[in-house]
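One structure is given here, and the rest of the page talks about it.
The values are calculated or read from the model by the stated rules, or taken from the named source; none is laboratory data. The structure presented is a predicted model; accordingly, all values stated were derived computationally and were not measured. We place every Cβ from the backbone using ideal geometry, glycine too, and count neighbours over all the protein chains shown.
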Amino acid sequence: MSRERIGLLDVGSNTIRLVVFEKDDDHGFTELQNIKTPARLAQYMNDNEKMAEDGIKKLITVLKSFTDIAKSYNIVDLIAIATAAIRQSTNKESILARVKEEVGLDLTVLPEKKEAYYGNYAVRYTMDVVDGISIDIGGGSTEITYFENKKVKHVHSFPFGTVSLQKDFFDGLSHNDKKAIKKARKWVKKQLKSLDWLSDLGVVLVGIGGSARNYAEVFQRQTDYPIAGIHEYYMSKKNLNDTFKLFEESSMKELSSLDGLSEDRRDIIIPAGIVFTELLDVIDSKSFAISNRGLREGIIIERMNEEDEEAYDLFGMKRQTVQRLFKQYDIRPISAHQRIILADQLIKLIKDKGILDVLDTDLSLLHYGATLYYLGSYIEDDSKSQHTFYIISNTNLHGFNHKERVQLALLASYKNRSLFKQYTKYVKDWYEKDTLDLLLYMGSIIKFSEALSDSQVNVVKDMKLLDTDDGHYELVVTYSGQAIAEEYRANKHKNHIERVLGKSLDITFNQAEETADQSEV
């Protein structure tokens, strides 16, 4: 598999960051490096919006260092972009000329709408949110985008961000000054309400960027959240307000020891929260979702979509995510294909008996679980169930929110009821009992499907589920070739299907009649 490395230099108003991405043939990308420095360029702007010499020197020093680091990664391209601080500078052209002369770098200044576009692009292509508002709050600007049915409807860039709000309302005051907070809230609300299309949309608010991530990470630490990752993590309005209150009631020293809060965001986390909470009120939303993908990932994903229009599918991201995991963990295609076919047949037979009520979304999840079944064997065969559950439940998966992630992990890792209960111990309150029961049953079906394809040569050709005279069920399995392994494993693990059926099960294996044109496996 060929791999290509791309460097991306992001000059923001608060932070300058270098990210090195590695792309593969399947359009997946991995961060090889992600380093930053809190340059706070927005603080070097004078009253005439001119960046001071000290700010320019700091910019050039950081860019020299980061370009040298990028070159050591053998990148094929280095994309350098700048946002609000340089965009708003009246001496922008001279700054760009100095960067070119002293660093040898062509720094591209993104227009406001283009900055908003890339952040929202990443949200739409990596999150299963159809209608929503995305907000990317930087140091000197705030980009807000409304999308409906995955299509952008409205975009706006406000010329304020965390650093500028801190400077305008908290300069010389404590980070949690009550009067400053009240004054800032009133001003921010007025700015937000100036957009007629923004009020009372009632859609989810998606936060992009470091400040949004910090709110989620702090709340997760405070509540002993059981799994890792923040992509497509949802906070309620109360969760967000409670976290803001925690910051508001903490001293600067206490903020320094708060798990999940970056040291360089201590003085700007309240201005960020003012914008988040006020925007939630204006749009009348009850949920705040976090995107771990933003401007930089949006640029990379758009680039891959330009190379291959099917690289990222707006409405098929779950399927594509599963396909990429499937290849990443070297799962045998023939094994996965047979598991899917058998699991699909079994659940339909059981559904036809009126035992299970499954939706199309449940069937999709069953197929995904069967595809990724025991992917943890890539690490170690003896503990493959444990590895599988850990990997899937703790990986940021495009298109899967955290509840769906754990559901997928439960199916793909299913070994027995005891381990299932162990895995669900800390997430029991996430699901209704009926949902947990269905997940247990679907995991059992996948486990039994694996038993029916034990030799991995596709011997099972058909199945029928019959009622017996003594009130039991009989599963009639038609096979071709040799089914010794399948017959042994099926009878060994039939208790998994009996749990679903609620009755005893007899299994009969019948060899299919040979035909002249019978295809070989």
Q.
Condition first: touching a helix residue (DSSP H, G or I) at 6+ places or on another chain (Cβ under 8 Å) and either within 13 Å of ARG87 (Cα to Cα) or in a loop (DSSP other than H, G, I, E, B) (or both). Now tell me which residues in the stretch 40-55 satisfy that.
A. ARG40, LEU41, ALA42, MET45, MET51, ALA52
**Q.** Qualifying residues in the stretch 149-206 (those that are out of contact with any Pro (no Cβ under 9 Å at 6 or more places or on another chain) and among the small types (Gly, Ala, Ser)) - the one surrounded by the most Cβ atoms within 10 Å (Cβ to Cβ)
**A.** ALA180
Q: Taking only the stretch 56-80 into account, find how many residues are of a type in the set (Gly, Ala, Ser), under 12 Å from LEU8 (Cβ atoms) and not in a helix (DSSP H, G or I).
A: 1
Q. Mind checking whether some residue in the stretch 123-134 is among the acidic types (Asp, Glu), assigned by TED's automatic domain parsing to the domain that holds GLY229 and surrounded by fewer than 20 Cβ atoms within 10 Å (Cβ to Cβ)?
A. yes
(Q) When the residues of the stretch 213-243 are narrowed to those that are over 14 Å from the mean Cα position of the chain (by Cα) and among the hydrophobic types (A, V, I, L, M, F, W, C), which ends up nearest to PHE288 (Cα to Cα)? (A) MET235
Q) Which members of the stretch 417-464 meet the condition of being within 16 Å of SER385 (Cβ to Cβ), touching a residue at least 24 places away in the same chain (Cβ under 8 Å) and surrounded by fewer than 19 Cβ atoms within 10 Å (Cβ to Cβ)? A) ARG417, LEU419
Q: Go through the stretch 130-179 and give me each residue that's in contact with a His (Cβ under 7 Å, 6 or more places away or on another chain) and among the aliphatic types (A, V, I, L, M).
A: ILE144
(Q) Criterion first (under 30 Å from LEU314 (Cα atoms) and polar (S, T, N, Q)) does SER164 satisfy it? (A) no
Q) Restricting to the stretch 456-475, what's the tally of residues that are more than 19 Å from LYS348 (Cα to Cα) and either assigned to a strand (DSSP E or B) or not assigned by TED's automatic domain parsing to the domain that holds GLU487 (or both)? A) 0
Q. Considering only the stretch 187-219, how many residues are outside any helix (DSSP H, G or I) and either in contact (Cβ under 8 Å) with a residue 60 or more places away in the chain or under 22 Å from MET235 (Cβ atoms) (or both)?
A. 11
Q: Name the one entry in GLU49, GLU115, GLU102 that is of a type outside the set (S, T, N, Q), within 24 Å of PHE315 (Cα to Cα) and touching a residue at least 40 places away in the same chain (Cβ under 8 Å).
A: GLU115
(Q) Which count do you get for residues in the stretch 110-136 that are under 20 Å from PHE276 (Cβ atoms) and at pLDDT below 95? (A) 3
Q.
Could you tell me how many of the residues in the stretch 120-139 are part of a loop (DSSP other than H, G, I, E, B) and more than 12 Å from GLY209 (Cβ to Cβ)?
A. 5
Q: For the stretch 397-408, state whether one or more residues are under 25 Å from ASP224 (Cα atoms) and among the β-branched types (Val, Ile, Thr).
A: yes
(Q) Test of understanding: among GLU254, GLU248, which residue is assigned by TED's automatic domain parsing to the domain that holds TYR125, surrounded by fewer than 21 Cβ atoms within 10 Å (Cβ to Cβ) and closer than 24 Å to GLY140 by Cβ? (A) GLU248
Q | Among the candidates LYS167, LYS179, residue that is outside any strand (DSSP E or B) and within 17 Å of VAL275 (Cβ to Cβ) | A | LYS167
Q. Here are some residues: ASP10, ASP68. Which one is at pLDDT 90 or above, outside the structural domain of SER211 (by TED's automatic domain parsing), of a type in the set (Asp, Glu) and surrounded by fewer than 17 Cβ atoms within 10 Å (Cβ to Cβ)?
A. ASP68
**Q.** Boolean, ILE69 is touching a strand residue (DSSP E or B) at 6+ places or on another chain (Cβ under 9 Å) and more than 30 Å from THR321 (Cα to Cα)
**A.** yes
(Q) Can you list residue pairs whose Cβ atoms sit under 8 Å apart, with the first residue in the stretch 394-413 being at pLDDT 95 or above and among the aromatic types (Phe, Trp, Tyr) and the second being part of a loop (DSSP other than H, G, I, E, B) and surrounded by 24 or more Cβ atoms within 10 Å (Cβ to Cβ)? Count only pairs 6 or more apart in sequence or on different chains. (A) PHE400/GLU232
(Q) If a residue must be among the aliphatic types (A, V, I, L, M), more than 20 Å from ILE208 (Cα to Cα) and either within 28 Å of the chain's Cα centre (by Cα) or outside any helix (DSSP H, G or I) (or both), how many such residues does the stretch 81-119 contain? (A) 2
Q.
Quick test for you: out of ARG303, ARG324, pick the one residue that is outside the structural domain of TYR117 (by TED's automatic domain parsing) and over 19 Å from the mean Cα position of the chain (by Cα).
A. ARG303
